[in-house]
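Participant: My questions will all concern the structure given below.
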Amino acid sequence: MNKQKIIAIVVLTAIIILLLTFSIMFQKKAMVNQLSLLKTCNLTIKTSNSTYNTTVYEAITQAEQKQGYMNVSIVGENVECKDNCGMLFPFNTSQESCFWMKDTEFPIKQIWLNYSNGEAKVVYIENASPYSTNIVCAYGNAVLELPMNYTINSLSVSKIGYGDLFYFRNC
């Protein structure tokens, strides 16, 4: 093969890689922007020590629930989150619901809840790993997902546990 053909192949390959990189970056940015289209609601977390307030996204439709946090990037460790610090998946009835982490880039605390009259009690907690295709199922009428690298008003998400209560408003 002559030198010009080799150079042309190398240049073409570089252009293709560059276009693929921009395409992936654009898709991720579009997914983050789609989060802003979701309805939000107020969340109060009551632990044995204190009360913490924030807002969370609400994934209501089947399409929103299927998408969840897939292909969304959250940059940083120990991110102090003030608003939109998680995602609530409400269901019409208490049911078995299953989640996985395919195409999710950050660890998430998945909390299955029994929710009634604005108050929710923890049924099951799973600390889910990025990109895991393990399917985790539990019963409840809502699931709350909180990124593990978040801190909500000095409460580390990793410290949230079974005795904590969750109060939702405007959901």
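Participant: In percent, what relative contact order does the stretch 109-171 have, based on Cα pairs under 8 Å that are 6 or more apart in sequence?
Facilitator: 42
Participant: Which value, in Å² rounded to 10, gives the accessible area of Ser132 with a 1.4 Å probe and all protein chains present?
Facilitator: Rounded to the nearest 10, that gives 30 Å².
Participant: Let me ask something else. In terms of the Cα gyration tensor, with a ≥ b ≥ c the square roots of its eigenvalues, is the stretch 38-171 rounded because a/c is under 1.5, prolate because a/b exceeds b/c, or oblate?
Facilitator: rounded
Participant: Per residue of the stretch 139-145, in order, report the coupling 6.51 cos²θ - 1.76 cosθ + 1.60 (Karplus, θ = phi - 60°) as ³J(HN,Hα) in whole Hz, putting x for Gly and Pro.
Facilitator: Values per residue, Gly and Pro as x: 9, x, 9, 6, 10, 10, 10 Hz.
Participant: Gap in Å between the Cα centre of the stretch 35-65 and the Cα centre of the stretch 79-99?
Facilitator: Spelled out, the Cα-based centre of one part sits 7 Å from the other.
Participant: Using the reciprocal of the averaged 1/r over all distinct C-alpha pairs, how large is the Kirkwood radius of the stretch 121-166 in Å?
Facilitator: Computed over Cα pairs of the stretch 121-166, the Kirkwood hydrodynamic radius comes out at 12.1 Å.
Participant: Pairs of lysine in the stretch 65-139 with Cα under 22 Å and at least 8 positions apart or on different chains: total?
Facilitator: Count of close lysine pairs: 4.
The values are calculated or read from the model by the stated rules, or taken from the named source; none is laboratory data. Since this is a predicted model, take the numbers as computed values, not measurements. The accessibility values were calculated without ligands, DNA or RNA, using every heavy atom of the protein model including side chains. Shrake-Rupley method; radii C 1.70, N 1.55, O 1.52, S 1.80 Å.
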